[in-house]
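Engineer: Once you've had a glance at the structure underneath, I'll fire off some questions.
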Amino acid sequence: TRQLRIALAQALAPWGLHVRGDEEWTRYLAPERCGPYVNYYVDMPNFYGDCALNVNTTSLQMATTVNQRVFDCPAAGGFLLTDAQPGLAALLEPEVEIATYGTIDECLDKYRFYQNRPQARKEIVTRGRERVLDCHTYAHRLTTLWVMLCQHYGV
């Protein structure tokens, strides 16, 4: 996963990508392209919304599903370009509620495309945020879990 993320970051860096995380990133990208860790609970919501483009690569351990960023970023009003996981379409409509890519080359093409189209980003963010808040909050998950438990145990 790290090798994939490094390759992706190196491909996008000439087009303005900055990464946030541990100091290890400075081994692969120029120091000015690397920023400090962003605290998930305190700073991340504003960070997502403040970035013109956020890029996501799901861990290879998650072969078919998505990570939390796919929900967090749109909920915070951020644009996300994410890898096209097989399970994503059941959650958000690709290219309508979230932007996706299949390869590093496709990611680079879409990154450059969306970089120059703020209105297109805004439309996807608006639809994605609405879908996440309407269908994918913790309250929705707990309700689903409760219904399943009640059905299973006959409550």
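Engineer: Taking the options L29, L17, name whichever one is in a loop (DSSP other than H, G, I, E, B), closer than 22 Å to K110 by Cα and within 18 Å of the chain's Cα centre (by Cα). Steps first, please.
Structural biologist: Working: L29 fails: within 18 Å of the chain's Cα centre (by Cα).
Only one candidate qualifies: L17.
Engineer: When the stretch 90-100 is examined, which residues are found to be outside any loop (DSSP other than H, G, I, E, B) and open to solvent by less than 60 Å² (accessible area, probe 1.4 Å)? Steps first, please.
Structural biologist: Applying the first criterion (outside any loop (DSSP other than H, G, I, E, B)) to the stretch 90-100 yields 90, 94, 98-100.
Result: P94, I98, A99, T100.
Engineer: Return the total of residues in the stretch 101-155 being in contact with a Phe, Trp or Tyr (Cβ under 7 Å, 6 or more places away or on another chain), closer than 15 Å to P74 by Cα and in a helix (DSSP H, G or I).
Structural biologist: 5
Engineer: Please name all residue pairs, on different chains or six or more residues apart, with Cβ atoms under 7 Å, provided the first residue is in the stretch 12-38 and is free of Cβ contacts under 8 Å to residues at least 24 places away in the same chain and the second residue is part of a helix (DSSP H, G or I) and open to solvent by 40 Å² or more (accessible area, probe 1.4 Å).
Structural biologist: From residues that are free of Cβ contacts under 8 Å to residues at least 24 places away in the same chain, the pairs are A13/R33; H18/R33; V19/R33; Y28/Q10; L29/Q10; C34/T26; V38/F47.
Engineer: Restricting attention to the stretch 31-71, which residues are over 23 Å from Q85 (Cβ atoms) and loosely packed, with under 10 Cβ neighbours inside 10 Å?
Structural biologist: Result: P31, E32, N39, Y41, V42.
Engineer: So is P14 out of contact with any Pro (no Cβ under 7 Å at 6 or more places or on another chain), more than 20 Å from A99 (Cα to Cα), surrounded by fewer than 14 Cβ atoms within 10 Å (Cβ to Cβ) and at pLDDT below 95 or not?
Structural biologist: no
The values are calculated or read from the model by the stated rules, or taken from the named source; none is laboratory data. Because the structure is a prediction, the values reported are computed rather than measured. Quick reminder, even Gly has a Cβ in these numbers, built from the backbone with ideal geometry, and neighbours come from all protein chains shown. Note: accessible area is taken over every heavy atom of the protein model, side chains too, but ligands, DNA and RNA are not part of it. Shrake-Rupley method; radii C 1.70, N 1.55, O 1.52, S 1.80 Å.
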